[in-house]
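Asks: This structure is in structure tokens; I'll ask about it shortly.
Coordinate-derived values only; no laboratory data. Just so it is clear, the structure is predicted and the values come from calculations on it, not from any experiment. Note that each Cβ is placed from the backbone with ideal geometry, even for glycine, and that neighbours are counted across all protein chains shown.
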Amino acid sequence: MNDRTLKALSLTLSYPSAELQQAMPAIAAVFRADLRIAAPIRAALQALADDLAQADLYDLQERYVMLFDRSRSLSLNLFEHVHGESRDRGGAMVSLIETYRAAGFEPMTTELPDHLPVLLEFLSSRPTGEARETLADAAHILDALAARLTRRGSGYAAAFAALSGLAAAEVDAEALAALLAQPEDDPADLAALDAIWQETEVTFGPDPNAGCPQMRDILASMDSPTRPAAPARPSNL
């Protein structure tokens with residue numbers, strides 16, 4: 001299967017580029033056509049797509065970096081929210097890499113395997129039920145990110161609201177509350193950011209079963225082989 005909406009969301013949440021800007025009208029058309037997404041969220045996605053298509057590229061890139069790269073509370077690396085500073089993240093990362101490879105999927109990116117656009121690219125090639133189940137397991141993380149982005153007035157909140165809708169699951173209220181209760185003590189300057197990442201460097205341990213049981217359950221549901229997915233290129237839509 002090929003879920004064009006998950007592919008479109010993967011691209012939308014990727015680092016802005018000139019190629020992505022050119023593809024945004026086609027991406028917006030995918031969003032408009034998907035009636036699984038509530039009408040208000042489709043309208044918000046259209047506004048986000050218009051902004052990404054028309055705004056100055058350097059401004060878009062700076063905004064993206066400030067939101068997702070310099071803000072740990074908005075990190076697109078999902079295991080950051082699951083494991084935090086724990087070294088269990090390395091083992092979970094190894095498991096995810098093995099899951100991708102078992103399905104014939106090799107991410108065409110330098111991003112970590114738990115980067116949300118990479119995961120969405122993978123899920124876009126998986127059976128609908130499996131993709132929905134995976135999104136449902138991560139729904140509390142998606143909702144927490146949507147809430148934080150909404151507080152910051154970011155249009156990217158629409159992408160996370162769409163993912164939550166596609167999961168079609170009841171969010172674990174306790175898990176969501178725990179995430180939202182965490183302080184958003186993101187570093188205010190590059191020196192502070194560098195110091196934090198040096199202290200919490202991820203090491204890829206040898207135990208593929210290490211890490212969070214919930215994420216292991218997600219990975220366990222992805223063990224059916226599939227044809228290799230196409231690289232995440234805007235022109236493929």
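Asks: Could you calculate the contour length gain from Q46 to M108, that is, 0.36 nm times the residue separation minus the distance between their Cα atoms, to one decimal place in nm?
Replies: Length difference between fully extended and current span is 19.6 nm.
Asks: Pop a pseudo-label 7 angstrom from the Cα along the beta-carbon direction at both V65 and R151 and give the gap in nm to one decimal.
Replies: In this crude spin-label approximation the distance works out to 2.5 nm.
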